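Enquirer: The following block contains the structure, expressed as structure tokens.
The values are calculated or read from the model by the stated rules, or taken from the named source; none is laboratory data. Keep in mind that what you see is a predicted model, and the values were worked out from it rather than measured. Ideal geometry is used to build each Cβ from the backbone, glycine not excepted, and the neighbour counts take in all protein chains shown. Just the protein is used for accessible areas: all its heavy atoms, side chains included, with ligands, DNA and RNA removed. Shrake-Rupley method; radii C 1.70, N 1.55, O 1.52, S 1.80 Å.
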Amino acid sequence: MICKIRKWELSDAADLAAALSNRKIQDNLRDGLPFPYTEQDGIEFISAMLSADENETFAFAITADNKVVGSIGVFRQGNIHRQTAELGYYVAEEYWGKGIMTEAVKQICEYVFEKSDIIRIYAEPFAYNAASCRVLEKAGFQYEGTLRSNAVKNGKVIDMKMYSLLKAGI
């Protein structure tokens with residue numbers, strides 16, 4: 001299945017709300033997202049992404065079948081990590097296992113490395129999220145180690161894994 005990443009549009013809010021009003025997806029994301037996720041929540045998120053500094057926040061909708069099926073973003077870090085950025089993403093459950101996320105990760109990393117001075121993109125999936133770890137590995141990320149007892153999610157202390165991709169030719 002082919003997917004594309006593109007800038008967000010306010011009209012994407014309904015598709016965004018449909019994807020994020022799913023506990024299975026939210027169980028693999030950081031806390032702070034409302035549940036259920038409403039169209040208004042989507043409008044607020046999209047507005048924030050559209051007004052963000054384009055050299056700090058690289059946020060895109062993932063599209064397939066002529067609709068938004070997920071979200072992907074790379075977020076520049078600060079201070080001594082100013083040329084490092086964190087990757088985050090999700091895709092609607094009905095699109096799991098179709099290679100969409102691996103393709104979207106490749107597309108955004110290529111874009112960020114080409115359009116910015118970022119030299120390292122990293123991701124920290126929950127250790128229990130094997131599918132997310134596989135996405136990163138298939139997209140060329142290198143496993144760097146396990147961050148033990150690094151988060152509390154749904155009342156449980158959990159490990160996270162650290163993956164990174166370096167800009168070619170550093």
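Enquirer: Restricting to region 30-87, count the residues that are open to solvent by 80 Å² or more (accessible area, probe 1.4 Å), within 20 Å of residue 106 (Cα to Cα) and aliphatic (A, V, I, L, M).
Expert: Residues in region 30-87 being open to solvent by 80 Å² or more (accessible area, probe 1.4 Å), within 20 Å of residue 106 (Cα to Cα) and aliphatic (A, V, I, L, M): 0 in total.
Enquirer: Scan region 1-34 for residues that are basic (Lys, Arg) and touching a Phe, Trp or Tyr at 6+ places or on another chain (Cβ under 8 Å) and report the count.
Expert: Going through region 1-34 one residue at a time, the tally reaches 3.
Enquirer: In region 88-122, what residues are open to solvent by less than 10 Å² (accessible area, probe 1.4 Å) and either touching a Cys at 6+ places or on another chain (Cβ under 8 Å) or modelled with pLDDT of 95 or more (or both)?
Expert: The initial filter retains those residues of region 88-122 that are open to solvent by less than 10 Å² (accessible area, probe 1.4 Å), namely 92, 100, 104-105, 108-109, 112, 118, 121.
Once the filter is applied, which keeps residues that are open to solvent by less than 10 Å² (accessible area, probe 1.4 Å) and either touching a Cys at 6+ places or on another chain (Cβ under 8 Å) or modelled with pLDDT of 95 or more (or both), region 88-122 yields 100, 104, 105, 108, 109, 112, 118, 121.
Enquirer: Filter region 41-64 for residues that are part of a helix (DSSP H, G or I), free of Cβ contacts under 8 Å to residues at least 40 places away in the same chain and either in contact with a Gly (Cβ under 6 Å, 6 or more places away or on another chain) or not acidic (Asp, Glu) (or both) and give the result.
Expert: The initial filter retains those residues of region 41-64 that are part of a helix (DSSP H, G or I), namely 41-51.
If we keep only those that are free of Cβ contacts under 8 Å to residues at least 40 places away in the same chain too, we end up with 41-48, 51.
Passing the criteria: 42, 43, 45, 46, 47, 48, 51.
Enquirer: Test of understanding: among 73, 32, which residue is on the phi > 0 side of the Ramachandran plot and outside any helix (DSSP H, G or I)? Quick ask: steps written out before the conclusion?
Expert: Working: 73 fails: on the phi > 0 side of the Ramachandran plot.
Just a single option satisfies the conditions, and that option is 32.
Enquirer: If a residue must be assigned to a loop (DSSP other than H, G, I, E, B), charged (D, E, K, R) and within 18 Å of the chain's Cα centre (by Cα), how many such residues does region 103-162 contain?
Expert: Residues meeting the conditions: 1.
Enquirer: Additional query: Tell me, yes or no, whether region 142-159 has at least one residue that is closer than 29 Å to residue 35 by Cβ and touching a helix residue (DSSP H, G or I) at 6+ places or on another chain (Cβ under 8 Å).
Expert: Step one: filter region 142-159 for residues closer than 29 Å to residue 35 by Cβ, giving 146-159.
Subsequent filtering for residues that are touching a helix residue (DSSP H, G or I) at 6+ places or on another chain (Cβ under 8 Å) retains none.
No, the conditions are met nowhere in region 142-159.
Enquirer: Follow-up question, since we're still on this one. In region 62-83, which residues are among the polar types (S, T, N, Q) and under 22 Å from residue 48 (Cβ atoms)?
Expert: Result: 63, 71, 77.
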